[in-house]
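Working notes for the structure below.
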Amino acid sequence: MNSIFLYVEKNGEITITGLKEGVSDTSIVIPETIDGMPVVEIGPKAFEFSTITDIKIGKNIKKIGEKAFYMCNKLRSVTWSHKCDVIPVGCFFG
């Protein structure tokens, strides 16, 4: 799959760690899978200082890292159709 995301795979699961260099998407969708593996986490500082304006988060996401969307000044909309027990410190700060 030609993904716009930087990610790591561990034990058959994917953690999004950021956007590839040069990606200027303002509206992004975190997919449910990449290369057939479930995307289960957005890593710490994954999108900090990015220019995204809205994001749709796939239903497989179980964890969002601290400051994942730190200083995303243009972020106006987050859609997530899954229950989240904890939103970490500073996740959407700034």
Open item on the list: Under a Cβ-only charge scheme (Lys and Arg +1, Asp and Glu -1), can you give me the dipole magnitude of the chain about the Cα centre, in debye to the nearest 20?
Closed with: 260 debye
Open item on the list: Sequence gap of 8 or more, or different chains, plus Cα separation below 13 Å: how many lysine pairs satisfy both in the chain?
Closed with: 5
TODO: May I ask you to list the chymotrypsin sites (Phe, Trp or Tyr not before Pro) in the range 1-58 that are in a DSSP loop and have at most 16 other Cβ atoms within 10 Å of their Cβ?
DONE: F49
Task: Ratio of the Cα radius of gyration of the range 5-80 to 2.2 N^0.38 Å, where N counts its residues - done: 1.01
Task: Cα centroid separation, the range 1-36 to the range 44-70 (Å) - done: 11 Å
- [ ] Go through the chain and name the trypsin sites (Lys or Arg not before Pro) that are in a DSSP coil and have 16 or fewer other Cβ atoms within 10 Å of their Cβ.
- [x] K20, K59, K62, K74, R76, K83
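Every number in this text was worked out from the coordinates using simple rules, so none of it is lab data. All values reported here derive from a predicted model rather than from experimental measurement. Cβ sites come from the backbone with ideal geometry, for glycine too, and all protein chains shown count toward neighbours.
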